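What follows is a set of notes on a single structure, which appears directly below.
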Amino acid sequence: MDIERFNADWLQAWTDKDVDRLVGFYAADTVYKDPQVPHGIEGREALRSYLQTLFSSTPPMTYLPEMVWAIQGGFCGRWYCDIGDGGKEGKMRGFDLVLIENSLIKHNEVYVHPLSEAANA
């Protein structure tokens with residue numbers, strides 16, 4: 001598996017807020033965790049419901065991959081995100097732990113850090 005291509009395509013689906021395409025990256029019994037759901041969501045359909053609600057309540061967000069590291073069973077990836085048009089509503093840096101099984105995401109943990117304007121200079 002080309003993890004750089006997988007990561008770039010996956011982050012593009014996040015940017016596009018394309019729920020159907022995005023859940024297609026995940027296994028039926030996936031586990032997903034992020035700061036809004038730190039205890040996790042289990043299953044593709046629960047993730048679909050979460051994403052529909054999330055995407056309807058957030059501004060445009062543009063995810064830009066920075067680096068990926070292969071690990072046993074998957075990869076870790078760091079990315080940057082512009083929130084709102086051109087980052088007008090903020091910027092953040094994120095890090096994903098992604099475990100893959102049968103070419104689908106079995107486990108995904110997301111960690112994010114807001115970036116101040118001074119950090120972007």
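Note on Glu66 and Asp29: with the Förster distance fixed at 30 Å, the Cβ-Cβ geometry gives a FRET efficiency of about 0.55. Other residues with beta-carbon under 12 Å from the beta-carbon of Val31 carry, at +1 per Lys or Arg and -1 per Asp or Glu, a net charge of -2. Dividing the summed helix terms, -39500 (n - 2.57) for each DSSP H run of n ≥ 4, by the number of residues in the chain produces a 222 nm estimate of -8500 deg cm²/dmol to the nearest 500. For Lys91, the lysines whose Cα comes closer than 19 Å to its Cα, not counting residues fewer than 8 places off in the same chain, are Lys17.
What is the sum of charges, Lys and Arg at +1 and Asp and Glu at -1, for the other residues whose Cβ falls under 13 Å from the Cβ of Glu45?
Working: positive: Arg44, Arg48; negative: Asp20, Asp29, Glu42.
For residues surrounding Glu45, the net value is -1.
Counting every other Cβ atom within 10 Å of each residue's Cβ, His39, His113, His107 order from fewest to most as His39, His113, His107. Projected label points at Gln36 and Met92, each 7 Å from Cα along the beta carbon direction, are separated by 0.9 nanometres.
Divide the volume of the convex hull of the Cα atoms of the range 1-48 by its number of residues and quote the answer in cubic angstrom per residue. If you can, show how the numbers build up before the last one.
Details: hull volume 4.1 nm³, N = 48.
Hull volume over Cα atoms, normalised by residue count, gives 86 Å³.
Each label point was placed 7 Å from the Cα along the Cα-to-Cβ direction; for Ala46 and Asp16 their separation is 2.7 nm. If contacts are Cα pairs under 8 angstrom and at least 6 residues apart, what is the relative contact order of the range 3-120 in percent? Result for the range 3-120 is 23 percent.
Where a number appears in this text, it was derived from the coordinates with a stated rule and is not lab data. Remember, it's a predicted structure, so these values are computed and weren't measured experimentally. Neighbour counts are summed over all protein chains in view; Cβ atoms, including those assigned to glycine, are modelled from backbone coordinates with ideal geometry.
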